[in-house]
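Here, each number is a calculation from the coordinates, and none is a lab measurement. Since this is a predicted model, take the numbers as computed values, not measurements. Every residue, glycine as well, gets a Cβ built from its backbone with ideal geometry; the counts of neighbours run over all protein chains shown.
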Amino acid sequence: MRTRTITVLLVYLGAATVAPGGPYTEPGINGCIDPITWRHASPLLSPGVLNPIFRGWATAVVEYTPADRTWSGLSIWNDPNRALGPATGQNFDIVSLGDLDRQEIGQGLAPGQITLAFGDPCDPNDPAAIRNGPGYDLAVFENAFLSLLTTTLGSQRGQMLAELAYVEVSTNGRDFVRFPSVSLTPAPTGPYGTTEISNVHNLAGKHPNANGVCLGTPFDLDDLATGPLVRTGAVDLNRIHYVRIVDVPGSGDFFDEADACIAPGTGPDWTNYATPHPIYDQWPTWGSGGFDLEAVGVLHAQELSADFDLDGIVDGRDLAALATAWQSRFGDEQWNTRCDLGPHKDLFIDGADLAAFAAQWGRVERWRAEFKEK
């Protein structure tokens, strides 16, 4: 059995420094850290503090339309204001988007969704807006958790009990662009099945955020730079005031946008996937059904691309990650996407990446320095 999910988690808990293999190895963003070690900490226990890599959080709910109206009237998880403010790591501090069953999918009903606001859309200089800086720009927290058991119902120990969602952004609240996602889960998981997270890219909900672990799924606005609405200026990636989360019912009736993404194993020339793939996750669900949103956080720009673990300093932990990924290509077992530092992102870890790493050795991010001064 492959245990990439466990390795991803151990890296962020400080129990290992070896990066996992697989196509999509981006680790989650720590919502809570120990201010002494700068490793992940439980948000439920001292000395955990909110990670200073976050500079802001959603401030208002614009729209909330859960999938099942009857369900929304009965659930204790139908308060959209639970998605505002910082991540807490509390399993039940969430708002659910609801799930579609087979009959509702057949009727063409829309999946549940929620739209959140960030800052004042009328102020072009509002510092609360999400901007396309270096590195990841935002992170979405769902209450997914790791499975501790392998069962006959589809659960694999060390994989994620995940409920996934599309993520879209907008400048004006009318024109939205969706992050191009990839889902390589090969078959339906069933209501109690798990997901290998290294098979999933640009879908919220692939990282654990429950039971003392608080990780958000990161998104980079650079992934949207070639979209038609961005090219025409309808969506300004330096003025994102709205984020919309759209549930993905994991039945396989909804698809990724893999044909807009590079496929592993096609190097060195690198080509896109031929077609989109059906998205599978836990389905059908009930209770707090579908995607359960806890928070959406805005990240400080990561000026130091060699800070692979995003703790704000380029140090030995980052060097260990680079050494593990050395001479790997995208899709290889030891691949680590963050170690591809060269100026052209050639999907191969080599001397150009080592040179870029060496130029940043020992440097400290501004947001970390400011936090330590407090």
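Values for this structure:
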item: Cα gyration tensor shape of the chain, rounded if a/c is under 1.5, else prolate or oblate by comparing a/b with b/c; result: rounded
item: Cα-based shape type of the range 123-192, given that a ≥ b ≥ c are square roots of the gyration tensor eigenvalues and the cut on a/c is 1.5; result: prolate
item: Extreme residue, positive dipole direction of the range 315-374, given options ALA323, GLN334, PHE357 (C-beta unit charges); result: PHE357
item: Neighbour-count ranking [beta-carbon atoms within 10 angstrom, fewest first] of LEU237, LEU310; result: LEU237, LEU310
item: Principal axis dimensions, largest first and in whole angstrom, of the range 216-296 by Cα; result: 44, 35, 22
item: Cα principal axis extents for the range 315-374, largest first, Å; result: 42, 21, 15
item: Dipole in debye (nearest 20) - the chain, about Cα centre, beta carbon charges: Lys, Arg +1; Asp, Glu -1; result: 500
item: Coordinate range along principal axes, alpha carbons of the range 159-271, Å, largest first; result: 43, 38, 28
item: The range 240-294, dipole about Cα centre (Lys/Arg Cβ +1, Asp/Glu Cβ -1), debye to the nearest 20; result: 40
item: Set of lysines with alpha-carbon distance to LYS206 below 28 Å, sequence-local pairs under 8 removed; result: LYS345
item: Euclidean distance between Cα centres, the range 327-346 to the range 80-97, Å; result: 34
item: Size of electric dipole in the range 315-374: Cβ of Lys, Arg +1 and of Asp, Glu -1, about Cα centre, debye, nearest 20; result: 320
item: Cα shape, the range 255-312, gyration tensor, a/c 1.5 rule; result: oblate
item: Alpha-carbon centroids, the range 158-173 and the range 114-133: separation in whole Å; result: 19
item: Listed peptides 114-125, 354-365, 30-41 by packing density, highest first (mean Cβ within 10 Å); result: 30-41, 114-125, 354-365
